[in-house]
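Engineer: Below is the structure I would like to discuss, written out as structure tokens.
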Amino acid sequence: MVVVGGGVAGLTAARDLAAAGHDVSLLEASTEVGGKLRGREVAGVRVDVGAEAMLNRRPEGVELARALGLGIEHPAVASSRIWTRGGLRPLPRSLMGVPLDLDELAASGVLSDPGLERVRRETLLPPERLPEDLSVGELVDRRFGAEVTDRLVEPLLGGVYAGHARELSARAAVPQLVAFAERGSLLQQAAAIPTTYDVPVFAGLPGGMAGLTDALAASGGFEVRTGVTVRELRRLGPADEERFQLTLGATTDPVLLDADLVVLATPAAPTARLLADLAPVAAAELAGLEYASMAVVTFAFRAGEATALDAIGSSGFLVPPVDGHRIKASTFSFAKWAWVRGAGRGAVGGEDLLLLRTSLGRHREEATLQVTDEELVAASLADLAEATGLAARPVDTHVQRWGGGLPQYAVGHLDRVARIREDVARIPGLAVCGAAYDGVGIPAVIGSAHRAARALAESAPLPG
């Protein structure tokens, strides 16, 4: 059987199917596996330049890491700030930015007095009678006011989806918010809304999240082939012996590969192209799924020249787009992860380094990224200086661009996914998985891969 796509979804599906007894080949078009989990050296220290954490409250990511023999690390500093209204302000207790503690919200200074008064009136609102779906922003606007959406919800959702609150599906992106709104005032239910847990909210891996896909690829049991582009997928043979045929390589020198089972763990656009003839309904739905591009800029500073960053006592800050800055967030990796702090000790001529990152880019704002790497670095440094007072020059930098990196769960996304899966299910031996379907976070993507592999393993007899 064949798995197309070597990100965390494809690698997980390949591992699951190999463990079930199938002979699996994984095909990846780029020169390396890992997808959005990637490590690179900055000032001689290898750090994540893609996803750097996973939710701990969903079990799939942590369970897979432990099954691969990897250690788990939780943030050393978990508090974050909001850079808005001229200062770095504490992030009040919230559900994806929706405030749950009026005292914390008032003390933070994130909202104006009229905005704060509008939030207080949320307790007077009745339960929502919601349509099948609506945007997160629409729901938050009418319950808490536009200022909450603009200054709290937008930066949170921007960090997860690189999208816009007034376009993202509430039922797909924040289903808990919908459930509580349907019961009445969120502020009155705040005590019952879990935003902290008996275990930490986030988890990482010592050495970086890229270690997860490295370990998956090295775990054995399946073949990994990189630099292999799948250009076409067809169904061949009589009805009772149908197989798939994949066309690989360049158009001038195509290679044909037969397979009894196929998992497509690729982003929406290439999946749509491969399904165009086999599952046209699914292909059309996938072709309509939009993606956001973004960039991650990683910096290494001499610790002695960047004491202002350490003094903040935070894991970083989020930036509301309404404030007009270039960056949308900064993660103080040196503060958030003990392993990053340790890796920076004595890293350059015996001097300690502080490593941190900024992110830039949102859905339909690709023009902001159509500049040189040097301009992205300069824009990030300017915003860091304004936000924190940082005046140091970096020892080293790295710019990682993620073109079309994050799928946008628009209003109606759950129905879209249901239609895709219904059409794909008509093709025996075929499954899809990845960030386009059930969630963009690492555990959700792993869960999507488990689902695809389980469906094929249950429906197909083992070879021989």
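Engineer: Take the eigenvalues of the Cα gyration tensor for the stretch 52-130, scale each by 5, and report the square roots as semi-axes in whole Å, largest first. If you can, show how the numbers build up before the last one.
Structural biologist: Details: eigenvalues 236, 73, 14 Å².
That gives 34, 19, 8 Å for the three semi-axes.
Engineer: Oh, and also: Distance between Cα centroids, the stretch 239-314 to the stretch 21-70: provide it in whole Å.
Structural biologist: If we compute the Cα centre of each part, the gap is 14 Å.
Engineer: Can you order the peptides 307-316, 45-54, 76-85 by their average number of other Cβ atoms within 10 Å per residue, highest first? Before the final figure, lay out the partial values.
Structural biologist: Numbers: 307-316: 17.2, 45-54: 22.8, 76-85: 19.0.
The densest-packed peptide leads the list: 45-54, 76-85, 307-316.
Engineer: Can you send over the carbon and sulfur percentage of the accessible area for the stretch 209-366, probe radius 1.4 Å, protein chains only? List each step's numbers first, then the result.
Structural biologist: Details: 3130 of 6380 Å².
Result for the stretch 209-366: 49 percent of the exposed heavy-atom area is carbon or sulfur.
Engineer: For Gly405, which sequence-distant residues (separation of 5 or more, or a different chain) have an amide H within less than 5 Å of its own amide H, given hydrogens modelled in the peptide plane?
Structural biologist: The list, which skips near neighbours in sequence, is Ala292, Ser293, Met294.
Engineer: Convert each backbone phi in the stretch 244-259 into a coupling constant with the Karplus relation 6.51 cos²θ - 1.76 cosθ + 1.60 (shift: θ = phi - 60°), then list the ³J(HN,Hα) values in order as whole Hz, x for Gly and Pro.
Structural biologist: 3J(HN,Hα) across the stretch 244-259, in whole Hz: 9, 10, 10, 9, 10, x, 6, 5, 7, 9, x, 10, 9, 10, 8, 8.
Engineer: Next question, about the same structure. Going by amide H atoms built from the backbone, whose H comes under 5 Å of the H on Val24, apart from near neighbours?
Structural biologist: Those qualifying (amide H under 5 Å, at least 5 residues apart or on another chain) are Glu223.
Engineer: How many angstrom lie between the C-alpha centres of the stretch 336-354 and the stretch 402-455?
Structural biologist: Taking the Cα centre of each part, the stretch 336-354 and the stretch 402-455 sit 39 Å apart.
Engineer: Excluding Val411 itself, calculate the net charge of residues whose Cβ lies under 13 Å from the Cβ of Val411, where each Lys or Arg counts +1 and each Asp or Glu counts -1.
Structural biologist: Working: positive: Arg166, Arg171, Arg416; negative: Glu132, Asp133, Glu138, Glu167, Glu290, Asp415.
Value of the local net charge: -3.
Engineer: For the chain, compute Rh as the Kirkwood radius over C-alpha pairs and then the Stokes-Einstein diffusion coefficient at 10 °C and 1.306 mPa s; write the answer in µm²/s, rounded to an integer.
Structural biologist: On the way: Rh = 23.4 Å.
The calculation lands on 68 µm²/s.
Engineer: Counting only heavy atoms of protein chains, what accessible area per residue, in Å², does the chain have with a probe of 1.4 Å? Walk me through the numbers on the way to the answer.
Structural biologist: On the way: 18980 Å² over 464 residues.
Averaged over the residues of the chain, the accessible area is 41 Å².
The values are calculated or read from the model by the stated rules, or taken from the named source; none is laboratory data. As the structure is a prediction and not an experimental result, all values here were calculated from the model. Note that we place each Cβ from the backbone using ideal geometry, even for glycine, and neighbour counts take in every protein chain shown. Accessible surface is based on the protein model in full, side chains and every heavy atom, while ligands, DNA and RNA are left aside. Shrake-Rupley method; radii C 1.70, N 1.55, O 1.52, S 1.80 Å.
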